[in-house]
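Asker: Before I ask anything, let me first share the structure, which is written out below as structure tokens.
The values are calculated or read from the model by the stated rules, or taken from the named source; none is laboratory data. Keep in mind that what you see is a predicted model, and the values were worked out from it rather than measured. Don't worry about glycine lacking a Cβ; one is built from the backbone with ideal geometry, like all the others, and counts go over all protein chains shown. Note: accessible area is taken over every heavy atom of the protein model, side chains too, but ligands, DNA and RNA are not part of it. Shrake-Rupley method; radii C 1.70, N 1.55, O 1.52, S 1.80 Å.
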Amino acid sequence: MGYYVTTPIYYVNAEPHLGHAYTTIATDVLARHMRQRGEEVFFLTGTDEHGEPVAQAAERLGTTPRELADLNSPRFRNLVARVNATADFFIRTSDAEHEDGVRRVVQGLYDSGHIYAGTYEGWYCPRCADFKTEGELIDGNRCAIHKIVLVREKEDNYFFRLSAFQEPLERLYAERPAFVVPQHRYNEALSFIRQGLTDVSMSRASLTWGVPVPWDERQVIYVWIDALLNYYTALSYARPGQDLESRFWPPTVQVMAKDILKFHAVIWPALLMAAELEVPERLLIHGYLLMDEEKMSKSLGNVIDPFQVIDMYGTDALRYYLLREVTLGQDGSVSPEGFETRYASELANEYGNLASRSLAMIAKYRDGEVPSAEAGAELIADFDGLADRVRERFDALDLTGALDDVWQLVRRLNRYVQEQAPWALAKDPAEAKRLDSVLCGLAEGLRVVSVLLYPFMPDTVARLMAALGRPDSNELALERARFDPTPSGHTIAELPQLFPRVERPLASPAA
Ligand code: MSP
């Protein structure tokens, strides 16, 4: 069975910012790690183009929703490339094939009695594209997220019988304690379900930007139903002529931030059960990137432009920083200063210098040949079980923990250089054997941490592996991440500077 990972599809009402990059990067780290394990991975991302958020933004800009979508969707696609995410398909919900798929599923739900006509009366936030209960409002009539005053709406709509899935959902949660990761998000979703589910409106009469309801063209399908189904429809046309559904359905891990937990942890599995499709295996819910304690978001204007960071520091530095700085699953503050610090102290110094020093010593003392020797026993012991620990971390979707486990060994190697002082050994011909052992251990340790760092910093690792004389992509398989106590010799090559000094400090967005 294939391994199917997804990001949310992003609204095209604004340009991408670092928050979107974060989800896409985290998903890519998971996808790359799983490919290192030999899994067949399908990685989906894309843009959510229908609905009120996009229609309203277009109106504000004096353009049409389609034009806005055509302008911004490529920017998100470009971001995927710039963060070096290995997405297998980029879906746009305005794709004709997606729209057909949505109509098919929704018609099926209607035919099987899961959808009925009714009247919606209550609060609706067009910016969230979400119906609000009284308890979710602030000051009685304002959206807690966008702070805008909402109007009460009354509209004839079609409803999805979500209430019928109260028990099946409770059973799902009981049977699958890891359905939602981390645990506190699982608890949050389950308690929402236990409060009692009411049916949800699944169409809008007052909107034209969307997929028409097949049996009543005066209405369009509610954007969230349209959007959620992207994960399913994409498989039907991403690879014409191939049956991806049988290989990849259901999704293995769906990644997103906590803002859209309810849709994915409650409505989505109910919708799939109603359509008699299997529900995803796990949802991975991360927190928010914060800037000065506030969620980074376009509406608050406190966004960092990922393209700018990448232009200055490179993609891998950004990937590393986000996964290292923000514990996946919790909110975390990011800042230009924090980025600079980690860039200089961890990437350039701890990893970059370790690599360049080690290779320089092999070049200088052993004429560019990694000696074929026996690595030191304590170093061997320190690497013991590392690859398995990392594997377990990824199984638990603890990407932060995996990176930290590897980084401990990067630091260990730095200490090893200090302790062994190869430059001193090199002065004493009687220590030649020990020097062989130290240099061979360093090269081997560097190789192992690099294989494990590959999902986080793919380009950097590829360059380092080439310099270590192991350019073959087979070398990146996870099974190669075992420390070989007596590695055979290798000729090293020149290593370009991995993390060059960047003079211009990252401009703060306020500046
Ligand atoms: N279109 C819907 C999702 C439909 S999925 C079937 C949507 N789009 S969105 O453009 O608002 O994207 C929300 C997602 O973007 C979050 O769930 C998260 O993945 C990412 N993020 C946006 N801002 C973010 C932060 N400040 N921090 C972390 N993630 C951020 O909702």
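Asker: Can you tell me how many residues within the range 240-262 are open to solvent by 10 Å² or more (accessible area, probe 1.4 Å) and more than 19 Å from PHE43 (Cα to Cα)?
Answerer: Adding up the residues that qualify gives 4.
Asker: Additional query: Considering only residues that are within 12 Å of the chain's Cα centre (by Cα) and either within 15 Å of the ligand (Cβ to nearest atom) or at pLDDT below 95 (or both), which ones fall in the range 32-46?
Answerer: The answer is PHE43, LEU44, THR45.
Asker: Scan the range 136-145 for residues that are surrounded by 14 or more Cβ atoms within 10 Å (Cβ to Cβ) and more than 33 Å from the chain's Cα centre (by Cα) and report the count.
Answerer: Count: 1.
Asker: Is it the case that ALA348 is within 16 Å of the ligand (Cβ to nearest atom) and of a type in the set (A, V, I, L, M, F, W, C)?
Answerer: no
Asker: Restricting attention to helices (runs of 4 or more DSSP H) lying wholly within the range 416-511, give those where 1 or more residues are under 26 Å from ASP398 (Cβ atoms) and of a type in the set (S, T, N, Q).
Answerer: 432-453, 458-467
Asker: Report the residue count in the range 210-223 for those that are open to solvent by 20 Å² or more (accessible area, probe 1.4 Å) and in contact with a helix residue (DSSP H, G or I) (Cβ under 9 Å, 6 or more places away or on another chain).
Answerer: Within the range 210-223, residues that are open to solvent by 20 Å² or more (accessible area, probe 1.4 Å) and in contact with a helix residue (DSSP H, G or I) (Cβ under 9 Å, 6 or more places away or on another chain) number 3.
Asker: Out of SER345, SER333, report the one residue that is surrounded by fewer than 17 Cβ atoms within 10 Å (Cβ to Cβ) and either without any contact (Cβ under 8 Å) to a residue 40 or more places away in the chain or touching a Lys or Arg at 6+ places or on another chain (Cβ under 6 Å) (or both).
Answerer: Selected residue: SER345, the only one of SER345, SER333 that is surrounded by fewer than 17 Cβ atoms within 10 Å (Cβ to Cβ) and either without any contact (Cβ under 8 Å) to a residue 40 or more places away in the chain or touching a Lys or Arg at 6+ places or on another chain (Cβ under 6 Å) (or both).
Asker: Does ASP436 fit the bill of being of a type in the set (D, E, K, R), in contact (Cβ under 8 Å) with a residue 40 or more places away in the chain, more than 29 Å from THR327 (Cβ to Cβ) and open to solvent by less than 50 Å² (accessible area, probe 1.4 Å)?
Answerer: It is true that ASP436 is of a type in the set (D, E, K, R), in contact (Cβ under 8 Å) with a residue 40 or more places away in the chain, more than 29 Å from THR327 (Cβ to Cβ) and open to solvent by less than 50 Å² (accessible area, probe 1.4 Å).
Asker: What's the total number of residues in the range 302-316 that are in a loop (DSSP other than H, G, I, E, B) and open to solvent by less than 60 Å² (accessible area, probe 1.4 Å)?
Answerer: 4
Asker: Now for a separate question. Give the range 47-70 a look and list any residue that's within 15 Å of the ligand (Cβ to nearest atom) and open to solvent by 40 Å² or more (accessible area, probe 1.4 Å), or say none.
Answerer: Scanning the range 47-70 gives a single hit, GLN56.
Asker: Check ILE25, ILE9 and return the single one that is within 13 Å of the ligand (Cβ to nearest atom), under 26 Å from ALA387 (Cα atoms), touching a helix residue (DSSP H, G or I) at 6+ places or on another chain (Cβ under 6 Å) and hydrophobic (A, V, I, L, M, F, W, C).
Answerer: ILE25
Asker: Of all residues in the range 405-433, which are open to solvent by 40 Å² or more (accessible area, probe 1.4 Å), more than 18 Å from GLU374 (Cα to Cα) and touching a residue at least 12 places away in the same chain (Cβ under 8 Å)?
Answerer: Answer for the range 405-433, where residues must be open to solvent by 40 Å² or more (accessible area, probe 1.4 Å), more than 18 Å from GLU374 (Cα to Cα) and touching a residue at least 12 places away in the same chain (Cβ under 8 Å): ARG411, TRP423.
Asker: For residues in the range 271-281 being in a helix (DSSP H, G or I) and within 14 Å of the ligand (Cβ to nearest atom), which is surrounded by the most Cβ atoms within 10 Å (Cβ to Cβ)?
Answerer: LEU271
Asker: Within the range 359-374, track down each residue that is within 11 Å of CYS440 (Cβ to Cβ) and either crowded, with 20+ Cβ neighbours inside 10 Å or not small (Gly, Ala, Ser) (or both).
Answerer: ILE362, ARG366, GLU369, VAL370, PRO371, ALA373, GLU374
Asker: Going through ARG161, ARG152, ARG142, ARG127 one at a time, which residue ends up being basic (Lys, Arg) and within 16 Å of the ligand (Cβ to nearest atom)?
Answerer: Going through ARG161, ARG152, ARG142, ARG127 in turn, just one is basic (Lys, Arg) and within 16 Å of the ligand (Cβ to nearest atom): ARG127.
Asker: Can you name the residue in the range 246-270 that is within 11 Å of the ligand (Cβ to nearest atom) and aliphatic (A, V, I, L, M) and is also nearest to VAL200 (Cα to Cα) among such residues?
Answerer: Per the stated criteria, the residue is ILE267.
Asker: Name the single residue, out of those in the range 224-237 being open to solvent by 10 Å² or more (accessible area, probe 1.4 Å) and either small (Gly, Ala, Ser) or within 13 Å of the ligand (Cβ to nearest atom) (or both), that is farthest from VAL5 (Cα to Cα).
Answerer: Ranking the candidates gives TRP224 first.
Asker: Okay, next question. State which residue pairs qualify: first residue closer than 15 Å to VAL334 by Cβ and hydrophobic (A, V, I, L, M, F, W, C) and inside the range 8-19, second residue modelled with pLDDT of 95 or more and near the ligand (Cβ under 7 Å from one of its atoms) in any location, beta carbons under 8 Å apart, and separation of 6 or more residues or different chains.
Answerer: Pairs found: LEU18/LEU289.
Asker: Exactly one of these conditions fails for LEU207: (1) among the hydrophobic types (A, V, I, L, M, F, W, C); (2) open to solvent by less than 30 Å² (accessible area, probe 1.4 Å); (3) at pLDDT 95 or above; (4) within 16 Å of the ligand (Cβ to nearest atom). Give me its number.
Answerer: If we test LEU207 against (1) among the hydrophobic types (A, V, I, L, M, F, W, C); (2) open to solvent by less than 30 Å² (accessible area, probe 1.4 Å); (3) at pLDDT 95 or above; (4) within 16 Å of the ligand (Cβ to nearest atom), just (3) comes out false.
Asker: Looking only at the range 146-167, count how many residues are open to solvent by 30 Å² or more (accessible area, probe 1.4 Å) and at pLDDT 95 or above.
Answerer: Matching residues across the range 146-167 total 5.
Asker: When ALA189 is evaluated against the numbered criteria (1) among the small types (Gly, Ala, Ser); (2) within 15 Å of the ligand (Cβ to nearest atom); (3) open to solvent by 50 Å² or more (accessible area, probe 1.4 Å), which criterion, by number, is the only one it fails?
Answerer: (3)
Asker: Any residue in the range 175-183 that is in contact with a strand residue (DSSP E or B) (Cβ under 6 Å, 6 or more places away or on another chain) and either assigned to a strand (DSSP E or B) or not hydrophobic (A, V, I, L, M, F, W, C) (or both)?
Answerer: Looking through the range 175-183, at least one residue is in contact with a strand residue (DSSP E or B) (Cβ under 6 Å, 6 or more places away or on another chain) and either assigned to a strand (DSSP E or B) or not hydrophobic (A, V, I, L, M, F, W, C) (or both).
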